[in-house]
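The structure appears below as structure tokens.
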Amino acid sequence: MRDFLESESAGGILLIFAAILAMIVANSSLGETYEHAIHAVTGPVLTDKLGPMTVHLWINDGLMAIFFLLVGLEIKREFVDGRLASWERRRLPFIAAAAGMAVPAALYMVFAGTTPGLAQGWAIPAATDIAFAMGVLALLGKRAPTSLKLFLVTVAIVDDMGAVAIIALFYTAKINLLALGAAAVILGVMFALGRMRMKSLPLYLLLFALLWYAMLLSGVHATIAGVLAAMAIPFERTPGAPDSETSPLHRLEHALHPWVAFAIVPLFGFANAGVDLGGLTAEQIFAPLPLGIAAGLFFGKQVGIFGSVWLSVKLGIAGKLRGATWLQIYGVAMLCGIGFTMSLFIGGLAFPADPLLIEEAKIGILMGSLAAALAGYAVLRLAPLHPRHDTIEGESDAEIAADGDVLDICDPEAPQEQAAG
């Protein structure tokens, strides 16, 4: 878990630099070259809907399927043998993630939903970018309690589940039943191999590639193939012990993680974050679409997540985060408003035929995510530490050294401490 958090943080910092670089390049003399390079035709026509493959399509529809494969692996591991393996441990992250998706979507609809043609963008501010948020959290060093880091990761994983479901249900084109049937057969073969305890990762990856192409043809977004394939990868439970070195899921997750964190996600950020700000006016910045997205990310996330955590603790539904003050929890709720990667991805799906709206969506995403990152960092930097910060962090480090995880991110046995915060 320590290795995972460290690499996720480093990947998030790299993503931040990739986004900044994209903005610099897009607003320099290289801006036109940047646009031509991203949209250069580099492959055949895989589907009539997409037309000739471009660099942008390979990244968004191809490489991002690998990103979703890793997301799926993380989701499965957490549900089977991780912090989401029991309802007691799922309760707080599920409540926080649900509220953290619903409130931003509602705020978006208030600001932009009544404008013709914009209602389909409701899901853009609903997602949290785990890499970007962890990158900001990493800048705080040891000031950030372990429970906050694990809470952020867990909420983001549940958040990703919601985003995947939204993409599958609301951003799917006309269905090709023959291709969808082929995808079902391929997925069935993968599950059958898993039941037979087949551990050959090359075989699963070959079937994943076939599944991706079948999903691409079906009209369901091809990246969903990543999550579906992950559900079929065999997994060896290791309760109370570090990950099994022979588990196919663990092996694939550890192999993919550096490539996704240090290559695929930063490349996606670089290819999608470049917005030409030349001639940008206040009227464009405060248009309904960017304003709705920015409000949803900055205000909606912090209200939804912090409010749901506070209510859950006060009502006795869950314990307060271990070793964290209320002000620190509020700071992390702010960081959850960084919606960069998934928000950019959903923005492209929401307005596929309107480049102008995609650019406006990018402006809103960048404004909301930047405000959330700066405000969240400031709150966490200035927030006083928990009175027992060093002791609790030492206990958490010992638990991680023993079996790779902490016993619980909540402290249900400290009602007086929870009330005092």
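Peptides 264-272, 72-80 ranked from most to least packed by the mean count of surrounding Cβ atoms within 10 Å: 264-272, 72-80. Remark: the Ala209-Asp276 segment gains 20.6 nm on full extension, using 0.36 nm per residue and subtracting the alpha carbon distance.
Values of log10 I(q)/I(0) for the range 1-136 across q = 0.16 Å⁻¹ run -1.25, by the Debye formula with one identical scatterer at each alpha carbon and no solvent.
Residues whose amide H lies under 5 Å from that of Cys410, counting only those 5 or more places away or on a different chain, are Arg322; hydrogens are built 1.01 Å from N in the peptide plane.
Taking amide H as placed 1.01 Å from N in the peptide plane, Thr54 has its amide H under 5 Å from the amide H of Thr42, each at least 5 places away in sequence or on another chain.
Note on the range 124-283: Cα convex hull, mean projected area over all directions, 13.4 nm².
Return the carbon/sulfur percentage of the accessible area of the range 99-193, one whole number, probe 1.4 Å, all protein chains in place. Heavy-atom surface of the range 99-193 belonging to carbon and sulfur, 1.4 Å probe: 77 percent.
For Trp259, project a label point 7 Å along Cα to C-beta. Then give me every residue of the range 178-209 with its amide nitrogen under 19 Å of that point. The answer is 199-209.
Arranged from highest to lowest average of other beta-carbon atoms within 10 Å per residue, in what order do the peptides 128-136, 110-118 appear?
128-136, 110-118
Normalised by 2.2 N^0.38 Å, with N the number of residues, the alpha-carbon radius of gyration of the range 293-372 equals 1.33.
Peptides 375-386, 315-326, 360-371, ordered by how many other C-beta atoms sit within 10 Å of their residues on average, highest first, read 360-371, 315-326, 375-386. Applied to the range 345-355, the Karplus parametrisation 6.51 cos²θ - 1.76 cosθ + 1.60 on θ = phi - 60° returns per-residue 3J(HN,Hα) values of 5, 5, x, x, 6, 6, 10, x, 9, 9, x Hz, with x for Gly and Pro. The fraction of all Cα pairs in the range 344-397 landing in successive 5 Å bins from 0 to the largest distance is 4, 17, 14, 12, 10, 9, 8, 9, 8, 6, 2, given as whole percents.
Longer than 26 Å from Cα to Cα, which of Lys314/Lys362; Lys142/Lys320; Lys149/Lys320; Lys49/Lys362; Lys76/Lys149; Lys76/Lys174 are they? Say none if no pair is.
Result: Lys314/Lys362; Lys76/Lys174 exceed 26 Å.
Taking θ as phi - 60° and the Karplus parameters 6.51, -1.76 and 1.60, the scalar couplings of the range 17-24 work out to 5, 5, 5, 4, 4, 4, 5, 5 Hz in sequence order, x denoting glycine and proline. A simple spin-label model places pseudo-atoms 7 Å from Cα toward Cβ; at Leu21 and Ala173 they are separated by 3.1 nm.
Were the residues from Leu267 through Gln120 laid out at 0.36 nm apart, the gain over their Cα-Cα distance would be 50.3 nm. Of the residues Ile66, Trp87, Gly113, the one whose Cα sits farthest towards the positive end of the charge dipole of the range 20-116 is Trp87 (charges of +1 on Lys and Arg Cβ, -1 on Asp and Glu Cβ, taken about the Cα centre).
Here the label points at Leu327 and Arg90, each 7 Å from Cα along the C-beta direction, are separated by 3.6 nm in the simple model. Remark: the chain carries 42 Å² of accessible area per residue (probe radius 1.4 Å; ligands, DNA and RNA excluded).
The listed residues Tyr213, Tyr108, Tyr171, Tyr330, once ranked by accessible area (1.4 Å probe) with the largest placed first, stand as Tyr213, Tyr330, Tyr171, Tyr108. Take the Cβ atoms of Trp58 and Arg388, set R0 to 56 Å, and the FRET efficiency comes out at 0.65.
Net charge dipole, the chain: roughly 600 debye, given to the nearest 20, about the Cα centre with Cβ charges of +1 for Lys and Arg and -1 for Asp and Glu. Per residue, the average separation of C-alpha pairs within less than 8 Å and at least 6 apart gives the chain a relative contact order of 27 percent.
The simple Förster model, with R0 at 51 Å and r as the Cβ-Cβ distance, assigns Ser28 and Ile317 a FRET efficiency of 0.50.
Backbone phi angles across the range 41-58, fed through the Karplus curve with coefficients 6.51, -1.76 and 1.60 (θ = phi - 60°), yield HN-Hα couplings of 6, 10, x, x, 7, 7, 9, 5, 5, 7, x, x, 6, 10, 4, 4, 5, 4 Hz in residue order; Gly and Pro are listed as x. The Rg/Rh ratio of the chain, with both radii computed over alpha carbons and Rh defined as the Kirkwood radius, is 0.96. Using just its DSSP H runs of length 4 or more, each adding -39500 (n - 2.57), the chain gives a mean residue ellipticity at 222 nm of -20500 deg cm²/dmol after division by all residues.
Placing +1 on the Cβ of every Lys and Arg and -1 on the Cβ of every Asp and Glu, with no other charges, gives the range 122-279 a dipole of roughly 300 debye about its Cα centre.
Separation of the range 208-241 from the range 307-378 is 26 Å, based on Cα centroids. Which residue, Ala165, Ala18, Ala225, tops the fluctuation ranking in a GNM of the chain built on C-alpha contacts under 10 Å? Sorting by GNM fluctuation, first place goes to Ala165.
The values are calculated or read from the model by the stated rules, or taken from the named source; none is laboratory data. Model, not experiment: these values are computed from the prediction. So basically every Cβ, Gly included, is an ideal-geometry build from the backbone, and we count neighbours across all protein chains shown. What goes into the accessible areas is simple: the full protein's heavy atoms, side chains included, and nothing from ligands, DNA or RNA. Shrake-Rupley method; radii C 1.70, N 1.55, O 1.52, S 1.80 Å.
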